[in-house]
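The block underneath contains the structure these notes are about, expressed in structure tokens.
Just so it is clear, none of the values below were taken in a lab; they were calculated from the coordinates. Being a predicted model, the structure only gives us computed values, none of them experimental. Cβ placement follows ideal geometry from the backbone for every residue including glycine, while neighbour counts extend to all protein chains displayed.
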Amino acid sequence: MRCDEIRELLAGYQDGELDAAQTAQVREHLAGCESCRAELARLERVKEVASKVQYKDLPLEIWEGYWQGVYRRIERGLGWVFASFGAVVLICFGLFHLIRDFFLRPEVSIFAKLGVAGLIAGGAFLLVSLIRERMFAYYRERYREVQR
Ligand SMILES: [Zn+2]
């Protein structure tokens, strides 16, 4: 076997993935070939470094992921609190003015009142449906984060 053929088998040889015949061929070649032995040594070093990097960095990544998850949850929670508060204030303010300046005015046509009431009711249903969908997605995501 030529060197370039052996080189292609070296990674498999290193991981013990070759069959018995291939392993014997590689071993035989390595015994008589200095440069392929050097290549195998290089592969061993790469593998060693890769495994060290993995063991050292993995816990850190997990911690970073954990804190990112916590911050994201706090941010999202605060976002919902402020947005809900703002929405409630605006809705109360808007409803108050709408009732006082629109629905209670006798000069406004009953058809305009019915139309606006329909729009508001429809919008409210859509909003509730949207919020429920968002909350469902949010809790499912949290569930996935816990599972990870
Ligand atoms: Zn060789």
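Lone cysteines in the chain, defined as no other cysteine's Cβ under 4.7 Å from theirs: which are they? When partners are defined as cysteine Cβ atoms under 4.7 Å apart, the chain leaves CYS3, CYS92 without one.
When the convex hull of its Cα atoms is viewed from all sides, the chain shows a mean projected area of 16.6 nm². The residues ILE120, ILE74, when put in order of fewest to most other Cβ atoms within 10 Å, stand as ILE74, ILE120.
For the peptides 2-9, 16-23, 36-43, 103-110, the ranking by packing is 36-43, 2-9, 16-23, 103-110, with the highest mean count of neighbouring Cβ atoms within 10 Å listed first.
Net charge dipole, segment 3-108: roughly 860 debye, given to the nearest 20, about the Cα centre with Cβ charges of +1 for Lys and Arg and -1 for Asp and Glu.
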